[in-house]
Amino acid sequence: MTTTTPHPLNHALALTSSAPDLYQGHTTPDYWNMVGPYGGITAATLLQAVLQHPLLLGEPLSLTVNFAAAVAEGPFTLQVTPVRTNRSTQHWLVVAEQVSVRRAALARASEPPAEAVEQPAMQRAA
């Protein structure tokens with residue numbers, strides 16, 4: 001019998017939704033640096049919240065993260081807000097908060113809606 005152990009990345013990116021636009025997660029020692037989690041895993045977790053949001057229309061093209069404070073060990077809450085959606089792009093704001101740190105990181109994800117990705121470039125320009 002074969003047992004499957006989840007990859008540490010899956011564990012680190014695990015989020016649960018507690019209310020509309022709110023996700024909970026927990027830091028993991030698997031991606032811990034000297035003073036906190038690596039920035040890449042923090043950015044991936046912020047993007048994971050966008051990917052799980054029911055209003056997501058396309059696939060991310062870019063991600064900008066502003067680290068406002070160190071992420072502390074323990075649970076955190078992500079507030080995910082679609083701030084602008086039009087026919088060719090969608091912009092998101094993700095705010096990470098912890099009890100011990102007011103705002104740990106801010107992220108903005110930009111992506112085209114699915115219908116813009118599927119159309120040839122000449123049709124999109126019309």
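What follows is calculated from the coordinates using simple rules that are stated; it is not laboratory data. Since the structure is predicted, the reported quantities are computational estimates derived from the model, not experimental observations. Because the Cβ atoms are built from the backbone with ideal geometry, glycine has one as well, and the counts that use them run over all protein chains shown.
Please work out how much length the chain gains when fully extended from L22 to T64, using 0.36 nm per residue of separation minus the C-alpha to C-alpha distance, in nm with one decimal.
On the way: separation 42, 0.36 × 42 = 15.12 nm, distance 1.97 nm.
Length gained, L22 through T64: 13.2 nm.
Averaged over all directions, how much area does the convex hull of the C-alpha atoms of region 1-108 cover when projected, in nm²? Don't skip to the answer; put the middle values down first.
Numbers: hull surface 32.8 nm².
Projected area, direction-averaged: 8.2 nm².
Give me the one-decimal nm value for the distance between modelled label points at T85 and A72, 7 Å along each residue's Cα-to-Cβ direction.
Modelled inter-label distance: 3.5 nm.
Rounded, prolate or oblate: pick one for region 1-62, where a ≥ b ≥ c are the square roots of the eigenvalues of its C-alpha gyration tensor, a/c under 1.5 means rounded, and failing that, prolate if a/b is larger than b/c, else oblate.
oblate
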